[in-house]
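Peer 1: The structure is given below, and queries will be raised subsequently.
The values are calculated or read from the model by the stated rules, or taken from the named source; none is laboratory data. No experiment lies behind these values; they were computed from the predicted model shown. Every residue, glycine as well, gets a Cβ built from its backbone with ideal geometry; the counts of neighbours run over all protein chains shown. Areas reflect the complete protein model, heavy atoms only, side chains present, ligands, DNA and RNA absent. Shrake-Rupley method; radii C 1.70, N 1.55, O 1.52, S 1.80 Å.
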Amino acid sequence: MAYPFQLPQLGYAYDALEPHIDARTMEIHHSKHHAGYTNKLNAALEGHPDLHSHAAEDLLRNLGDLPEAIRTAVRNNGGGFVNHRLFWDILTPGGADAPAGDLGRAVDDGFGSFDGLKDKLAAAAAGQFGSGWGWLVVNSTGGLEVVATANQDSPYSAGMTPILGIDVWEHAYYLHYQNRRPDYIAAIWNVINWDRVAAHFAAAQS
Ligand code: MN
């Protein structure tokens, strides 16, 4: 998927993730914030037709190859576009409540247990100072790793493939949780779509 980038539809209603993520937050987050990143990414690329065939992930993997005039705009808005597209995809109102199969084994190998992963990812997400993301990624050697990034910086720009992201910008939780970021992070485990995380894990390894 390349330029012009399209705001993806959610696979569920804005209120589907309640009470863990409230409908108003979802609506503003998707229709205003994510739409804004998408529009600004397209605006940055508009005058650069040579870049229009590239997937957004490829632009983020090779930020240093971009013209300096649009590098920061693509880093921020391309990151925002790609990060949120993954975020909506790995949320669900139902489904498996823990990783299984190859992903489950990799989680056990990498973190000792599912609880070990949850503790590490929650700490990374809660500990990210200011706006940013906590991530479960596949690193350059194919292993699972937990990292955090600031702002909309993407793991792709660091040579990693994100398979699960937790948005810890205040716009992701403030209406319902105010300053209680750890409560939002504790609740989000109820709505993670482990089937989709497993699909992203499989794709990252192939
Ligand atoms: Mn966000």
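Peer 1: At 1.4 Å probe size, with the rest of the protein present, what percent of the exposed accessible area of the chain is carbon and sulfur atoms?
Peer 2: On the way: 4540 of 9440 Å².
For the chain, the apolar C and S fraction of the accessible surface comes to 48 percent.
Peer 1: Related question: Using a 1.4 angstrom probe, figure out how much accessible area segment 52-131 has per residue, in square angstrom, rounded to the nearest whole.
Peer 2: On the way: 3770 Å² over 80 residues.
Using a 1.4 Å probe on heavy atoms only, each residue of segment 52-131 averages 47 Å².
Peer 1: If Lys and Arg each add +1 and Asp and Glu each add -1, what is the summed charge of the other residues whose beta carbon sits under 12 Å from the beta carbon of Ala186? Intermediate values should be presented prior to the final figure.
Peer 2: Working: positive: Lys118, Arg180, Arg181; negative: Asp119, Asp183.
Combined, the nearby Lys, Arg, Asp and Glu give +1.
Peer 1: Express the accessible area of segment 146-206 per residue in Å², computed with a 1.4 Å probe while the remaining protein chains stay in the model.
Peer 2: On the way: 2500 Å² over 61 residues.
Per residue, segment 146-206 has 41 Å² of solvent-accessible surface.
Peer 1: I would also like to ask the following. Please identify which residues in segment 185-202 have an amide N closer than 19 Å to a label point set 7 Å out from the Cα of Ala158, following the Cα→Cβ vector.
Peer 2: From segment 185-202, the list is 201.
Peer 1: Next up: Would you mind pulling out the separation of the Cα centroids of segment 15-82 and segment 84-104, in Å?
Peer 2: Rounded to whole Å, the Cα centres lie 22 Å apart.
Peer 1: Now, a different point. Rounded to the nearest 20 debye, what is the charge dipole size of the chain about its Cα centre when +1 sits on each Lys and Arg Cβ and -1 on each Asp and Glu Cβ? Show your work: numbers first, answer last.
Peer 2: Working: 13 positive and 23 negative charges, 62 e Å.
About 300 debye.
Peer 1: Something else: Using a cut-off of under 14 Å, list every residue of segment 118-132 whose amide N is near the label point 7 Å from the Cα of Gln178 along the Cα-to-beta-carbon line.
Peer 2: Output list for this probe position: empty.
Peer 1: Taking just the alpha carbons, could you work out the radius of gyration and Dmax for the chain, both in angstroms?
Peer 2: Taking only Cα atoms of the chain, I get Rg and Dmax of 16.5, 49 Å.
Peer 1: Next question. Can you tell me the length gained on complete extension of the stretch Arg24 to Glu46, counting 0.36 nm per residue apart and subtracting the Cα distance?
Peer 2: Between Arg24 and Glu46, full extension yields an extra 4.8 nm.
Peer 1: Follow-up question, since we're still on this one. Along Cα→Cβ, 7 Å out, is where each label goes; now give me the distance between the ones at Glu68 and Phe129 in nm to one decimal.
Peer 2: It works out to 2.8 nm between the two label points.
Peer 1: Still on this structure, please answer the following. Applying the Karplus parametrisation 6.51 cos²θ - 1.76 cosθ + 1.60 with θ = phi - 60° to the phi angles of segment 138-144, what ³J(HN,Hα) value in whole Hz is obtained for each residue in order, glycine and proline being reported as x?
Peer 2: 9, 7, 5, 9, x, x, 7
Peer 1: Now for a separate question. With point charges of +1 on the Cβ of Lys and Arg and -1 on the Cβ of Asp and Glu, referenced to the Cα centre of the chain, which listed residue (Asn76, Thr161, Val147) lies farthest in the positive direction of the dipole?
Peer 2: Asn76
Peer 1: Something else: Taking θ as phi - 60°, what are the ³J(HN,Hα) couplings along segment 178-190 by the Karplus curve (6.51, -1.76, 1.60), each to the nearest whole Hz, with x for Gly and Pro?
Peer 2: Listing the rounded values in order: 6, 7, 8, 4, x, 5, 4, 5, 5, 6, 5, 4, 5 Hz.
Peer 1: Please determine, in degrees from 0 to 90 and to the nearest 10, the orientation of helix 101-111 with respect to the longest principal axis defined by the Cα atoms of the chain, where the helix direction is its Cα long axis.
Peer 2: With rounding to tens, the tilt is 80 degrees.
Peer 1: While we're looking at this one, here's another question. Kindly express, to the nearest 10 degrees and within the range 0 to 90, the angle between helix 79-89's C-alpha long axis and the longest C-alpha principal axis of the chain.
Peer 2: Tilt of helix 79-89: around 40 degrees.
Peer 1: Here is a further query. Students often check this: by mean Cβ neighbours within 10 Å, which of 69-79, 154-164, 50-60 ranks highest, and how do the rest follow?
Peer 2: Values: 69-79: 19.5, 154-164: 21.4, 50-60: 17.0.
Packing proxy ranking, top to bottom: 154-164, 69-79, 50-60.
Peer 1: Between 0 and 90 degrees, rounded to the nearest ten: what's the tilt of helix 35-45 against the longest Cα principal axis of the chain?
Peer 2: 30 degrees
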